[in-house]
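S.K.: Before anything else, here's the structure in question.
The values are calculated or read from the model by the stated rules, or taken from the named source; none is laboratory data. Computed from a predicted model, the values in this text were never measured in an experiment. Because the Cβ atoms are built from the backbone with ideal geometry, glycine has one as well, and the counts that use them run over all protein chains shown. Ligands, DNA and RNA are stripped out before the accessible areas are found, and what is left, the full protein with its side chains, is counted by its heavy atoms. Shrake-Rupley method; radii C 1.70, N 1.55, O 1.52, S 1.80 Å.
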Amino acid sequence: MTLLNPLQALLDLSEQEKASRGLRHTPREINQQPETWMRTFRRCQDLEPEIMESLSRAGISEGASRIVYLVGAGTSDYIGRALAPLLRRRWGSEVWAVPSTTLLTDFEQFHQPDQDYFWISFSRSGDSPEGVALLQKALERHRNIQHLVVTCNEHGAMAQLCAQNSSHALALILDDAANDRGLAMTSSFTNMLIAGQCVAHLGATGRDDGSSFGDILAHMVEVGTQFLPAAAEAAAAIAALNCSRACFVGSGVLRAVADESALKLVELSGGKIATMAESPLGLRHGPMSGVDDQSLFVAFLSNDRRRRGYEADLLDEIRSKRLGRLRIAVTANGAQDVASLADRVLSLNCRAEFPDEYRPALDVMFGQLLGLFASSACGLKPDQPSPTGAITRVVSPIRLYS
């Protein structure tokens, strides 16, 4: 039996209907992701000499004691959170995701005069007011910081600042297809994350050949292409239930997936669906009280045996307490240990023992699709889901304080 693919149904609409329903960009940008990941990989390969020079200036390739900050706001911050464990393992460096919104207000608390730092900043537009102001401040006042900016817009202010400060900064500009035209970041999230994973492998040259990431990514493209239709069918069916709340949980890098999924659903539903994200153990310390009989509960389950044990226990507790209207589990492969604990299990069907560190770009597509179909179910236009203008594609300018 062939599964109905509601995402393809949206893609097959006439251009006139797409425009009237606000569906010109977001469905296409979600659907294109596996195809665009390989383009991002090739872009990183083409820029390998420049990237390696940037990493060398930062002392990464030589194993220097430099603190790495992964910088971004909102979705771009979650890229850093999804990437940090891979960079720690491959570079042997101290790596932390620090929101640009925090660095701008509390810069001195995160920087010691005698310590070297390397910032990797993520920004779809390269025009985020916090990101631009922060980068400009660092380039002007803290010349000991080296920068790599991953962006989808060659004309953005952050890319221009890098060009003007080439001895301290490099802009890794992705293919224009990754520069989402819809309000919600989808292709841009996964492609900037893929670029970061590729850089993680390049920086490990000498310890492990960076070319191995090509094999990992080829598997991800295959898995993602096969996962999209099943995830879309599930997301559309869930959105039709009109749950008023949603809770997402995940451990390690999958906590970043939970955060991003919660953000996608609240953004694309125009705030009509209240969302939260937590770790499996953290949920038990109070936030579980927010999971009521109108809540969707989604658990992104780790492939690590130890983490998986805590996650399965939480699912069992949620089931035994009869919390949540619908319980969904997303796994890398297999569902034998959790099949009885969830109403529905979605498997990515990754190869055996596929590391969690590479999963976020795959798992997050389910969260994106939930947002897409919930947006339409709420009577909104997914490309512009904020009719009041509460949020916009590029965050409004801010007043800067010295």
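S.K.: Treat the chain as a sphere of radius equal to its Kirkwood radius over Cα pairs and apply Stokes-Einstein at 10 °C in a medium of 1.306 mPa s; give the translational diffusion coefficient in µm²/s, rounded to a whole number.
M.R.: For these conditions, the coefficient is 74 µm²/s.
S.K.: Under a plain spin-label model, where a point goes 7 Å from the Cα along Cα-to-Cβ, how far apart in nm are Ala163 and Arg284?
M.R.: Once both label points are built, they end up 5.4 nm from each other.
S.K.: Let me ask you something else. Region 321-402: D in µm²/s via Stokes-Einstein (Kirkwood Rh, Cα pairs, 37 °C, 0.692 mPa s)?
M.R.: 202
S.K.: In nm, to one decimal, how far is the Tyr310 label point from the Asp176 one, both placed 7 Å along Cα→Cβ?
M.R.: The answer from the label model is 4.5 nm.
S.K.: Over all alpha-carbon pairs in region 253-324, figure out the percentage whose distance exceeds 21 Å.
M.R.: 25
S.K.: In whole Å, what three semi-axes, largest first, describe the equivalent ellipsoid of region 79-122 built from its Cα gyration tensor (square root of 5 times each eigenvalue)? Working shown, then result.
M.R.: Working: eigenvalues 74, 41, 10 Å².
So the equivalent ellipsoid measures 19, 14, 7 Å along its semi-axes.
S.K.: How many nm separate the modelled label positions at Asp215 and Asp106, each set 7 Å beyond the Cα in the direction of the Cβ?
M.R.: Inter-label distance under the simple model: 4.2 nm.
S.K.: Between the helical axis of 187-202 and the dominant principal axis of the chain, each derived from Cα atoms, what acute angle in degrees is found, rounded to the nearest 10?
M.R.: Approximately 50 degrees, to the nearest ten.
S.K.: Ignoring ligands, DNA and RNA, please state the percent of accessible area on region 300-348 from carbon and sulfur, probe 1.4 Å.
M.R.: Of the solvent-accessible surface of region 300-348, carbon and sulfur hold 40 percent.
S.K.: For the chain, what relative contact order do you get, as a whole percent, if you take Cα pairs closer than 8 Å and at least 6 residues apart?
M.R.: Here the relative contact order equals 19 percent.
S.K.: If I fit a long axis through the Cα atoms of helix 129-141 and take the longest principal axis of the Cα atoms of the chain, what angle between them do I get, 0 to 90°, rounded to 10?
M.R.: Rounded to the nearest ten degrees, it is 20.
S.K.: Continuing with the same structure: If I fit a long axis through the Cα atoms of helix 33-46 and take the longest principal axis of the Cα atoms of the chain, what angle between them do I get, 0 to 90°, rounded to 10?
M.R.: 10
S.K.: Let me ask something else. Once you compute Rg and the Kirkwood Rh from C-alpha atoms, what is the Rg to Rh ratio for region 233-294?
M.R.: Radius of gyration relative to Kirkwood radius: 0.97.
S.K.: Here is a further query. Given a 1.4 Å probe and every protein chain left where it sits, what share in percent of the accessible area of region 136-186 is carbon and sulfur? Present the calculation step by step, with values, prior to reporting the outcome.
M.R.: On the way: 830 of 1960 Å².
Here carbon and sulfur together make up 42 percent of the probe-accessible area.
S.K.: Treat every Asp and Glu Cβ in the chain as -1 and every Lys and Arg Cβ as +1, leave all other atoms uncharged, and give the resulting dipole magnitude about the Cα centre to the nearest 20 debye.
M.R.: 760
S.K.: To the nearest 0.05, what FRET efficiency results for Ser56 and Ser347 with a Förster distance of 45 Å applied to their C-beta separation?
M.R.: The value I calculate is 0.65.
S.K.: Given the Cα-Cα distance of Ser340 and Val395 and 0.36 nm per residue of separation, how much length would full extension add, in nm? List each step's numbers first, then the result.
M.R.: Numbers: separation 55, 0.36 × 55 = 19.80 nm, distance 4.32 nm.
So the chain would gain 15.5 nm between Ser340 and Val395.
S.K.: Here's another thing I want to ask about it. Ordered by residue, what ³J(HN,Hα) values in Hz, to whole numbers, does region 326-334 give under the Karplus form 6.51 cos²θ - 1.76 cosθ + 1.60, where θ = phi - 60° and Gly and Pro are x?
M.R.: Going residue by residue, I get 8, 10, 10, 10, 10, 10, 6, 6, x Hz, with x marking Gly and Pro.
S.K.: In whole Hz and in residue order, list the ³J(HN,Hα) couplings for region 112-117 that follow from phi through the Karplus curve 6.51 cos²θ - 1.76 cosθ + 1.60, θ = phi - 60°; x for Gly and Pro.
M.R.: 9, x, 9, 10, 8, 10
S.K.: Over the chain, give the accessible area per residue in Å² for a 1.4 Å probe, as an integer.
M.R.: 41
S.K.: Mind listing which GluC sites (Glu not before Pro) in region 1-98 are in a DSSP loop and have 15 or fewer other Cβ atoms within 10 Å?
M.R.: Hits after loop and neighbour filter: Glu62.
S.K.: Using only the alpha-carbon atoms of region 179-273 as identical scatterers, what base-10 log of I(q)/I(0) does the Debye formula give at q = 0.18 Å⁻¹?
M.R.: -1.06
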